[in-house]
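Written out below as structure tokens is the structure these notes cover.
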Amino acid sequence: MLRVNIICVGKLKEKFYADAAGEYLKRLGAYCKAEITELPEEKRPKEPSETETYAAVSREGDALLERIPKGALTVAMCVEGREMPSEYMAELIEKASEKSGKLCFIIGGSDGLDERVKKAADIRLSMSKMTFPHHLARVMLIEQLYRGFKIMEGGKYHK
């Protein structure tokens, strides 16, 4: 069974995000072993300088890099990534299943991902050219994973 790791900076504090993520995680259980790892967002001053923001994102990057499973097909979720249709998620799932049985997604905090994390990833993926809260991106990603499995099985959910 495919192991899917979603490594995120920040915790889902809003109940509606947590409920939505929980629902899609429950649905994913029929298709894979999905695990979410939440890492704390590094502390920043109220109005951080560019240097302070860079340092915080760098520390978050260290923590993210430590937790990427060895051999996993790794996907960095970032604004400069490629936009793909939902069918691409099914292709990623299939590719990861064939490669190592491990698929890892990385979602940064509100200031994004450290460049080292992006370079370590096999793929850079963007949800859209629009900007979304990083907590909503997590829910959207989990939903797209579920949709990808439904596409693979030819299910009606996709339509």
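Values quoted throughout were computed directly from the atomic coordinates according to the rules given, and no laboratory measurement underlies them. It should be emphasised that the depicted structure is a prediction, and the values quoted were computed from it without experimental measurement. Virtual Cβ from ideal backbone geometry, glycine too; neighbours counted across all protein chains shown.
Reducing the range 1-59 and the range 116-159 to their Cα centroids gives an inter-centroid distance of 14 Å. Its relative contact order, with pairs defined as Cα atoms under 8 Å and 6+ residues apart, puts the range 13-159 at 31 percent.
Stokes-Einstein diffusion coefficient for the range 19-96 at 25 °C in a medium of 0.890 mPa s, Rh from the Kirkwood formula over Cα pairs: what value in µm²/s?
The diffusion coefficient I find is 157 µm²/s.
Note on V79 and T37: the extension gain reaches 13.0 nm, defined as 0.36 nm multiplied by sequence separation minus the Cα-Cα distance. Is the shape of the range 64-107 best called rounded, prolate or oblate, per the rule: a/c under 1.5 gives rounded, else a/b larger than b/c gives prolate, else oblate, with a ≥ b ≥ c the square roots of the Cα gyration tensor eigenvalues? Here the range 64-107 falls in the oblate category.
Coordinate range of the alpha-carbon atoms in the range 95-136 per principal axis, descending: 33, 21, 16 Å. Here is what passes the span test in the chain: the DSSP H helices with alpha carbon length of 24 Å or more along the helix axis and a Kyte-Doolittle mean of -0.5 or above are 134-153. Note that the range 18-156 shows a convex hull volume over its alpha carbon atoms of 116 Å³ per residue.
Which percent, nearest 5, of DSSP beta bridges in the chain are antiparallel?
Values: 1 of 24 bridges.
DSSP beta bridges in the chain are roughly 5 percent antiparallel.
With the simple model of a label 7 Å out from the Cα in the direction of the Cβ, K156 to E47 spans 5.6 nm.
R59 to K15: FRET efficiency via 1/(1 + (r/R0)^6), r the Cβ-Cβ distance, R0 30 Å, to the nearest 0.05?
Numbers: r = 28 Å, r/R0 = 0.95.
Efficiency computed from Cβ-Cβ geometry: 0.60.
Between R67 and F132, the contour length at 0.36 nm per residue exceeds the alpha carbon distance by 21.0 nm.
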